[in-house]
Amino acid sequence: MMDKGEEEPDKDKGNCNQNGSSSISDRLAELSGNMEEINRVKRKYPMKITRYYLDLIRSKDDPIWKQSVPAVEEVEDDFNVEDPLQEEEHTPVPYLVHKYPDRVLLLVSSMCAMYCRFCTRKRKVGRIQQIPLEDIFRAIDYIKEHKEVRDVVVSGGDPLMRADNEIEEILRRLREIPHLDIIRIGTRMPCVQPARITPHLVNILKKYHPLFMNIHFNHPNEITPESSAALKLLADGGVDPVHLPVPVYVQRANQPGQPGPVAGLTASSVCYRPVPYGYSKIPPGNSAADYFYPLPGAPPRKAQRQH
């Protein structure tokens, strides 16, 4: 049972799930979306868009659209791979990835508030109702047994899709491990569903320092009064948001005299107190490379794939 005042994320309210809704479909059609292609992609890779994020779309193929609306390239790709980070071969127990000696990835949710089209775990998200807590606790037992692990990234799906009491139980068990120094939570909630960041949630998170929240806003259009309020609530509550954007490609980004989306994003987001840490460089996977802004000096796609 949840405590008084506790928030449990509604998995459907405010969202368009993979089956869609007439209002969401109507909105995409109004923006000249090809619904036949969108539905074709959804049969393989689920679509879910929060109502909040849908309302940020200004036109078809703008940076918000590109991140949230299925594109036919996702199912016509013969270049990229299903598991670009090679996580499956480094999974000693279910829902835990141990690829680096002192760091592990703990997957605590199979769902997100929105399914990003560039996701490197598209093969996994939205496939089951939710990861059982018992499986998560067994993965935490693995961390206890491996004293070389000092850093855990709590991810998914989106960890904040779990109820507040479940999040607290996961964090409590992690923080009880003596050799675990750092806990990081990877989430897009401040960007795609900022109402999920509540005082009750922040009061839970701040009990488990040192704790960092890895977030990514990928374009200045995502910086809104609502998302800014969510970031302020986290920062005021002592939870450190760390900004790790995945820069989305937009036309005119590198034209002379234009700041481009990366510079504009950094300038906009830093005003709302997340720490600018770097960029998440995503390897080719699930057509993901088609969505990104080409960073200066990056090798061509084929050169990346060969390595």
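The values are calculated or read from the model by the stated rules, or taken from the named source; none is laboratory data. If you're wondering where the values come from, they're calculated on a predicted model, not measured in any experiment. All Cβ positions, glycine included, derive from the backbone under ideal geometry; neighbour counts span all protein chains shown.
Just a few scattered comments:
- Identification of helices (runs of 4 or more DSSP H) wholly contained in segment 33-77 with 2 or more residues that are free of Cβ contacts under 8 Å to residues at least 12 places away in the same chain yields 35-42.
- Any hit, segment 145-153, residues being buried (at least 16 other Cβ atoms within 10 Å of the Cβ) and either at pLDDT below 95 or within 17 Å of the chain's Cα centre (by Cα) (or both): yes
- Any hit, segment 22-30, residues being under 18 Å from the mean Cα position of the chain (by Cα), modelled with pLDDT under 90 and surrounded by 12 or more Cβ atoms within 10 Å (Cβ to Cβ): no
- Applying the condition of being under 19 Å from LEU106 (Cα atoms) and touching a residue at least 60 places away in the same chain (Cβ under 8 Å) to segment 205-230 and asking which residue is surrounded by the fewest Cβ atoms within 10 Å (Cβ to Cβ) yields ASN214.
Okay, residues lined up against (1) more than 16 Å from VAL93 (Cβ to Cβ); (2) touching a strand residue (DSSP E or B) at 6+ places or on another chain (Cβ under 6 Å); (3) among the acidic types (Asp, Glu); (4) free of Cβ contacts under 8 Å to residues at least 24 places away in the same chain:
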{"site": "GLU166", "(1), (2), (3), (4)": "yes, no, yes, no"}
{"site": "ILE170", "(1), (2), (3), (4)": "no, no, no, no"}
{"site": "ILE177", "(1), (2), (3), (4)": "no, no, no, no"}
{"site": "THR198", "(1), (2), (3), (4)": "yes, no, no, no"}
{"site": "ASN203", "(1), (2), (3), (4)": "yes, no, no, no"}
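- VAL93 meets all of the listed conditions (1) under 28 Å from ASP151 (Cβ atoms); (2) crowded, with 18+ Cβ neighbours inside 10 Å but one, namely (2).
- The residue of segment 167-179 that is surrounded by the most Cβ atoms within 10 Å (Cβ to Cβ), among those that are among the acidic types (Asp, Glu) and closer than 19 Å to TYR142 by Cβ, is GLU169.
- Of all residues in segment 67-89, exactly one satisfies the criterion of being modelled with pLDDT under 90 and buried (at least 21 other Cβ atoms within 10 Å of the Cβ), namely GLU74.
- Matching residues, segment 99-158, being in contact with a helix residue (DSSP H, G or I) (Cβ under 9 Å, 6 or more places away or on another chain) and polar (S, T, N, Q): SER109, SER110, THR120, GLN130
- Scanning segment 33-58 for residues that are of a type in the set (Ser, Thr, Tyr) and modelled with pLDDT of 95 or more returns THR50, TYR52, TYR53.
- Looking across segment 98-115 at every residue that is closer than 27 Å to LYS42 by Cα and either out of contact with any strand residue (DSSP E or B) (no Cβ under 9 Å at 6 or more places or on another chain) or without any contact (Cβ under 8 Å) to a residue 12 or more places away in the chain (or both), the one that is surrounded by the fewest Cβ atoms within 10 Å (Cβ to Cβ) is identified as SER110.
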